[in-house]
RNA sequence: GCUGAAGUGGUGGAAUUGGUAGACACGCUGGACUUAAAAUCCAGUGGACAGUAAUGUCCGUACGGGUUCAAGUCCCGUCUUCAGUACCA
């Protein structure tokens, strides 16, 4: 038998302690007779060996599909936040199994992505290798928590056998178009049929497409090349020059949902607008269906709202303003605007168009050209972020041109303003300053007249944007009408004279699908004469080529441009060397049938948009999943994951599923029936405070002075005296200058090197900061120091200040004291830094709740919790923390409560040791009698009435809680049940056995162990969920709360079958009633049988 | 600014249809066992006041009103926090 190390009272432990003279630190393990370590490993092994949770595709049972959002396997491993949702879904999956469902509960990895590639760039390791290692670590961590995943269906998006089908779906999208009339996707061949028979005129008219028109004859006379170019305008994935979000630091384009506050979601780098030829997904045609589809989904209202906002439907009208220049009407030049307020059309006093609008060039008058050109260059220079930050500044320029108002025929000036976005609507607005604050501000700023068209509304201070309850005035035939009626009339009038019509606009843009990266799915595409060609699906997968370095090429091509073997031989349908590429475009060369392959790869959301269907039939080599499998599993019944995917993954996957449905590949058109967003578990970061300063480089040759770089210096000890430190607050506005020219020049040299962006930059940073920190010779000066510096660059340190730096939470004890030596060893650059100490000389950290992340050093590893308390405790504690959907900081305070609950549960099944016995037995004997097999003590005798009541109360509550996803309260319910049964000294199998089944979704390991001890050879997961029986809860008496004027005063036990009158009589004759009435006669007595009595006096 | 969610003891959080506010747990206080510590067990624990005590009185679910026999819960207004989103025409 294993020495019982975990029981401190055991002889083994005593001897050991004696040996070590009590010098060893306390093991971080709670002493217990319940040996979770052995039990958990044992059952995890059993489940894996017996494939206990393998789901069958052929089953008579009803199906239930529980899915977690699969993780991206990062190098940091799992932290305690990740399992939260997995635990919840696992409880639900296990519960459904107990209820007799055939449960599909799979797991996999979203394993293509940026971090693995960034790591590859830094270390030269192949992303496939690091990804594989990360997955192995994830798997190890997941296994320790005891999830009931069916691992035989594991998917990895970076696996060629998986991305083969991602590529296949891409081909299907390319081979499809969308009919706006039937609101459905069809094969492109059907569109070609239409073109051959009737051209595209009919389509244009019916679908509101704005494509150049052609007849059937014209189509048939087009060259093949021309035909293909036309078709690209219809395909659901298409190649086009689009304005994209380009991130120079990441070297790739980003989708709208990958940008947060104008910077990249990953890394926080600036993003600029740039025109590039890119693959796009025509998601915008699905906007209405994506919006309508939300109605029938069981998702949280807030998440649906987020998607609605992202789709951004607005109903209004398009209004056309024909341009007039030098009092002559320009034939065909019209500014199309979109408005949600057609009723305000008589308030239009000018038009504003976006600086990027292509009409700018055409309409600007000769006199205004210089001014306009200047303005356009200025706005183009600003990044997206600067523009966002600059919202308050009103800028614009007059084009010199005028347009004719479609109803009044008056001339209105056309302005350019950057408050109008090229990417929304038509990139032009009809400005109604009296009704829109932005138009109002613009008009005030440039002195444009403001016309009031609202009855009895004062607009001298601000625009009036309320539409409800406002009456239109001063507006010809719509004066006196409300918003709704006036709008209808205006639209009618506009339609009559062909100057506009009712229109619906969506914010949702087509999604850019190309990424200039290595670690993603390659496109199954080659280029012939510059036109994209799909590779036949039977030659998939197109595998990622090997490359030396994971960086863009010298000519700026994506990393795949470095591959030697990256051309497609159409003769043998294989990837061949680039050197063989056909030079047919150049005269004198023959077309040898070998063409260059696409250099971009697909974005991260490609693989995650359809993975839920792959799990249904994960090993299928002939289809992405068989029809039989999909007919059985249909779609995901319960999906659990974070709300951060609201506008990315959850929208894109709905789009792909609708498309696959249209084309008959799927029977459902929504992937996720019910969705729950688990709240994020936050970490408590620790901050250490120090003195320091920043040094800023200024280029003094530029005017205004241009700030070029700021670096942070870590220490201040060598330059500040004690007195100065005390007077620190007084130094706020003073500057530090470095007068040593030599030093400055050398530092600049280093910075030049650093700015090259090569791999050594980090090393240089350290070098500069460490080398010069201690030799800085600085003095304090009053402001005006710039005169003294004669270098090209001036070095000016900003004010001294307190700085805070993240400290790893593992260096901090429970009293928030920092182990400063450990910290300095960990971050040697802080060796000489001056840290702020407490009065008693200790280093204390301040705490702040933040997102748990490796870079914030506040990560808690679930492995540590498992080591200390076990997986069952971790599972129950994470549930006990609070409501699933709520964000909450991680704290281990309270985990002992859950742990001791499990120990009490264990003890319920074993001979209790009485206090008397405890006193007479030695510690070792107590432990032995409690822990060994023969103390397992379950009686076959019928249970007491009380115990049965406890059991059924618990069944009812736990079942309700699971179905409402209120896992925190069911943990409490278990605690109450165990407390009550312990008090009742219940040992009855009749009660304890069902209780065990009830508990098993939450604490599967201990449940399996006790189940096994009860004599079952099958896993507890095969047991049926206990049936709740009302009869055990039926009461004959009720303790009535008796209240006076709503205040509860005392309780009174009465039989439940009394009538209202009998209850009233009983209460009124009670001595306390007489006492509380103090002689008054009650006005009214409210009796709610079975609930409450209230006496109104 | 807009949209959504929330505000309850020292802490995490309960209260399902308006019906005994603070379940359960942590923490804290006291006690038992122990040479001691740990572990375990028992008792107490929203606040204020009165009383030797049993007990009693008042206050109390962000704030101000209202509806009701009865409000954490419903209605109106205000404030605060968190999340999402934003020159969206």
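The values are calculated or read from the model by the stated rules, or taken from the named source; none is laboratory data. Since the structure is predicted, the reported quantities are computational estimates derived from the model, not experimental observations. All Cβ positions, glycine included, derive from the backbone under ideal geometry; neighbour counts span all protein chains shown.
Would you tally the residues in segment A:1006-1031 being within 16 Å of RNA strand B (Cβ to nearest atom) and either assigned to a loop (DSSP other than H, G, I, E, B) or surrounded by 11 or more Cβ atoms within 10 Å (Cβ to Cβ) (or both)?
Filtering segment A:1006-1031 for residues within 16 Å of RNA strand B (Cβ to nearest atom) gives A:1006, A:1028, A:1030.
Keeping just the survivors that are either assigned to a loop (DSSP other than H, G, I, E, B) or surrounded by 11 or more Cβ atoms within 10 Å (Cβ to Cβ) (or both) gives A:1006, A:1028.
Qualifying residue count for the region: 2.
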- prompt: Of all residues in segment A:608-645, which are over 16 Å from the mean Cα position of the chain (by Cα), closer than 19 Å to residue A:108 by Cα and part of a helix (DSSP H, G or I)?
  reply: A:611, A:612, A:613, A:614, A:615, A:616, A:617, A:629, A:630, A:633
- request: Would you mind telling me which numbered condition in (1) assigned to a helix (DSSP H, G or I); (2) over 16 Å from residue A:1001 (Cα atoms); (3) more than 11 Å from RNA strand B (Cβ to nearest atom); (4) modelled with pLDDT of 85 or more residue A:925 fails?
  value: (4)
task: For segment A:270-280, state whether one or more residues are at pLDDT 90 or above, touching a helix residue (DSSP H, G or I) at 6+ places or on another chain (Cβ under 7 Å) and more than 16 Å from RNA strand B (Cβ to nearest atom).
output: no
message: Just checking, does segment A:111-121 include any residue being out of contact with any helix residue (DSSP H, G or I) (no Cβ under 7 Å at 6 or more places or on another chain), in contact (Cβ under 8 Å) with a residue 60 or more places away in the chain and on the phi > 0 side of the Ramachandran plot?
response: yes
- prompt: Of all residues in segment A:968-1005, how many are away from RNA strand B (no atom under 16 Å from the Cβ) and outside any helix (DSSP H, G or I)?
  reply: 4
field: Hits in segment A:435-463 - residues which are surrounded by 15 or more Cβ atoms within 10 Å (Cβ to Cβ), out of contact with any helix residue (DSSP H, G or I) (no Cβ under 9 Å at 6 or more places or on another chain) and assigned to a loop (DSSP other than H, G, I, E, B)
entry: A:457
task: With the condition kept exactly as written, say whether any residue in segment A:880-891 is more than 8 Å from RNA strand B (Cβ to nearest atom), modelled with pLDDT under 90 and more than 18 Å from residue A:88 (Cβ to Cβ).
output: no
message: Just checking, does segment A:1064-1086 include any residue being part of a strand (DSSP E or B) and either under 30 Å from residue A:948 (Cβ atoms) or more than 7 Å from RNA strand B (Cβ to nearest atom) (or both)?
response: yes
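Would you point out the residue of segment A:957-967, among those that are part of a helix (DSSP H, G or I) and crowded, with 17+ Cβ neighbours inside 10 Å, that is farthest from the chain's Cα centre (by Cα)?
Step one: list which residues in segment A:957-967 are part of a helix (DSSP H, G or I), which gives A:957-963, A:967.
Next, only the ones that are crowded, with 17+ Cβ neighbours inside 10 Å stay: A:957-959, A:961-962, A:967.
Working: A:957: 32, A:958: 30, A:959: 30, A:961: 26, A:962: 25, A:967: 23 Å.
The selected residue is A:957.
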statement: Checked segment A:892-907 for anything surrounded by 23 or more Cβ atoms within 10 Å (Cβ to Cβ) and more than 9 Å from RNA strand B (Cβ to nearest atom); matches are A:902, A:905
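Yes/no matrix, rows are residues, columns are (1) more than 31 Å from the chain's Cα centre (by Cα); (2) part of a loop (DSSP other than H, G, I, E, B):
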{"site": "A:520", "(1), (2)": "no, yes"}
{"site": "A:526", "(1), (2)": "yes, no"}
{"site": "A:542", "(1), (2)": "no, yes"}
{"site": "A:553", "(1), (2)": "yes, yes"}
{"site": "A:583", "(1), (2)": "yes, yes"}
field: Any hit, segment A:241-248, residues being in contact (Cβ under 8 Å) with a residue 60 or more places away in the chain, crowded, with 17+ Cβ neighbours inside 10 Å, over 22 Å from residue A:534 (Cα atoms) and touching a strand residue (DSSP E or B) at 6+ places or on another chain (Cβ under 6 Å)
entry: yes
message: Looking at the structure I just gave you, is residue A:524 surrounded by 15 or more Cβ atoms within 10 Å (Cβ to Cβ), touching a strand residue (DSSP E or B) at 6+ places or on another chain (Cβ under 9 Å) and touching a residue at least 40 places away in the same chain (Cβ under 8 Å)?
response: yes
- request: Kindly indicate whether any position in segment A:1035-1058 is within 13 Å of RNA strand B (Cβ to nearest atom), within 25 Å of residue A:991 (Cβ to Cβ) and at pLDDT 85 or above.
  value: no
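Might you let me know whether segment A:1082-1093 holds any residue that is over 55 Å from the mean Cα position of the chain (by Cα), in contact (Cβ under 8 Å) with a residue 24 or more places away in the chain and either more than 17 Å from residue A:1037 (Cβ to Cβ) or loosely packed, with under 11 Cβ neighbours inside 10 Å (or both)? If you could, list the steps in order and put the result at the bottom.
Kept after step one, since they are over 55 Å from the mean Cα position of the chain (by Cα), are these residues of segment A:1082-1093: A:1082-1085.
Then drop every residue that is not in contact (Cβ under 8 Å) with a residue 24 or more places away in the chain, which leaves none.
No, every residue in segment A:1082-1093 fails to be over 55 Å from the mean Cα position of the chain (by Cα), in contact (Cβ under 8 Å) with a residue 24 or more places away in the chain and either more than 17 Å from residue A:1037 (Cβ to Cβ) or loosely packed, with under 11 Cβ neighbours inside 10 Å (or both).
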field: Within segment A:43-56, considering residues that are surrounded by fewer than 18 Cβ atoms within 10 Å (Cβ to Cβ), touching a residue at least 60 places away in the same chain (Cβ under 8 Å) and not in a helix (DSSP H, G or I), the one nearest to the chain's Cα centre (by Cα)
entry: A:54
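Residues are listed down the side, and each one gets a yes or a no for (1) under 30 Å from residue A:857 (Cα atoms); (2) crowded, with 22+ Cβ neighbours inside 10 Å:
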residue: A:623; (1), (2): no, no
residue: A:628; (1), (2): no, no
residue: A:635; (1), (2): no, no
residue: A:638; (1), (2): no, yes
residue: A:644; (1), (2): yes, no
residue: A:654; (1), (2): no, yes
residue: A:666; (1), (2): no, yes
residue: A:679; (1), (2): yes, no
residue: A:685; (1), (2): yes, yes
- request: Could you look through segment A:814-846, keep only residues that are under 32 Å from the mean Cα position of the chain (by Cα) and within 17 Å of residue A:890 (Cα to Cα), and pick out the one that is modelled with the lowest pLDDT?
  value: A:814
message: As an exercise: evaluate residue A:429 against (1) outside any strand (DSSP E or B); (2) within 16 Å of RNA strand B (Cβ to nearest atom) and give the number of the one condition it does not meet.
response: (1)
